[in-house]
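Contents: one structure, followed by commentary.
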Amino acid sequence: MIVRVGYILLIICIFVQCDQDEPAKTHIAIVGAGLGGISTAYWLKYYLNDSVAITIYESDQVGGRLKNVDIDGNEYEAGGSIIHEKNLYMKRFTDELGLKRLNVPSSMPYIMTNDGSQTLFSTLSRYIPNVFLILWRYGVDALRLNFWLDKKLSNFARIYDYQDNGRTFNTVEEFLQMLDQDFYTATRFSFRKYLFEKGFHKKFINEIAQIATLVNYDQSVDTINAFPGLVSLMASASTLWHVEGGNYLVPKKILEYLLKQSDVQFVKGYVKSVTEVHRIDIDDQGGNVRLSYKPLNSDLVHAVDYDYVIIAFPLHRDNMNDFVLQTTDSFNQYDYRMQSTYADFLYGKLNCQQYNLTKSECERLKAIFYTNPSLPYRSVAQQQTVNENEKQYKKNDKPVYKIFSPNKLSLSDYKQIFDNDNFQLIQDIPWLAYPKYEHPQKMPPIQINKNIFYLNAMEWSSSCMEIEVISARNIAMLLTKKIGIELKRNDKHIEF
């Protein structure tokens, strides 16, 4: 069944008197209701207001990779869990939606280990402040790091002024270069080589940088390129926060707001294909892109034509059979891969004996970070609930831990981390969480052709919530310019 939006409008005008001066609406489909897709709809409505009709398609939950897990009545972040203090879009969305920001604890007693038995570094001392421990081990590298990252963060923050004043970018490479030429250069080399050339020492790279990339992207300093490596270090050296109740509430609440506006629809269904439509008849009023989808609980495939389609989920080799993109422009989905990561939630007691810790140190230990990428796990950390006023776990219950690993763990793996059989696996959640980065990094196109845009292309620079919202606003501005409507400058957000 093919629905041509232009024909429907023509039929309506036959029976109902149409205002001849009213401009035709631009019909846009967004495939994916994660943070990126939902915030794209927000920005499109902001810039185009009533001149745009938006349909959002989603086969799963709203929020995408932002998700909570319920454990005995307490909820924990299972997906994207931390937000940087300088992520202004996420801060503004949270404030305007009436949500509350909760700071992540700035210091969590932890140990760092290479082989899972020998302690390299510890913050368990009651008598020596962590800052002195870090300076003692890493010396001048620890002093340089904050000054260097502050400069990089200042350069990244230029994007907010640029976008407020209507500046757009057409490629991921252009985005990086307009902020800092070094950001683009960083995508050409491994994070290890990049840091070494910046003057950082081997111990710092093998420990601090390695943990940052393994925990944030499940990739080592030798395999990942340096720009997502930089983003990882920024996350490890700054104040972090999350949304009370869960980060998924941001896209959920924005969607609730959007559905109260005119000409916004939300469709639960599987999008099977997006195809260019070539019109032979110049009077043919159909759209330029045909979207085929199957509603949930139905075997019937529908086809709808749109003026533009925005793909708001990652395109990679592992979902080629689930979604077909047919376009004359060259875009090889097979070139891009996602990193498989497991998030395991467990009750348990950490195995402290192998680290020669005292009883008091064992009681304070909350996390273990592993620097050896050949180990089957990356980190284990005690979890807090998503709600400030709820206790982390009930009295007499075991604490909840989350383990990050690249593959499904075995029973023997858990026994290396926890005290004998003193643990209980609650849930293990497999994710295709972020791109599998390389160096030099190949970047996908933001605009696949003149009518199809790819929001998640920006993830191949680095994957985080703020990048999704930046990409969303950029695409909304590109489309606004394309349609011929003047962009608002020095603007502020709409009040929700």
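Rule-based calculations on the coordinates, nothing more; no lab input. Here the structure is a predicted model, which is why all the values come from computation and not from measurement. Ideal geometry is used to build each Cβ from the backbone, glycine not excepted, and the neighbour counts take in all protein chains shown.
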Signed unit charges on C-beta, dipole axis of the chain, positive-most listed residue LEU357, LEU432, ASN146: LEU357
Quick one: dipole size for the range 399-496, taken about the Cα centre, charges +1 on Lys/Arg Cβ and -1 on Asp/Glu Cβ, in debye to the nearest 20. 620 debye
How large is the dipole of the range 73-121 about the Cα centre if only Lys and Arg carry +1 and Asp and Glu carry -1, each at its Cβ, rounded to the nearest 20 debye? 220 debye
With a 10 Å radius around each residue's Cβ, average the other Cβ atoms per peptide and rank 221-232, 315-326, 261-272, highest first. 221-232, 261-272, 315-326
Mean Cβ count within 10 Å, highest first, over the residues of peptides 424-433, 24-33: 24-33, 424-433
What are the lysines whose alpha-carbon lies under 16 Å from the alpha-carbon of LYS359, with same-chain residues fewer than 8 places away excluded? LYS349
Taking a 18 Å limit on the Cα-Cα distance, which of the listed pairs LYS45/LYS252; LYS151/LYS202; LYS45/LYS268; LYS260/LYS294 fall beyond it? LYS151/LYS202; LYS45/LYS268; LYS260/LYS294
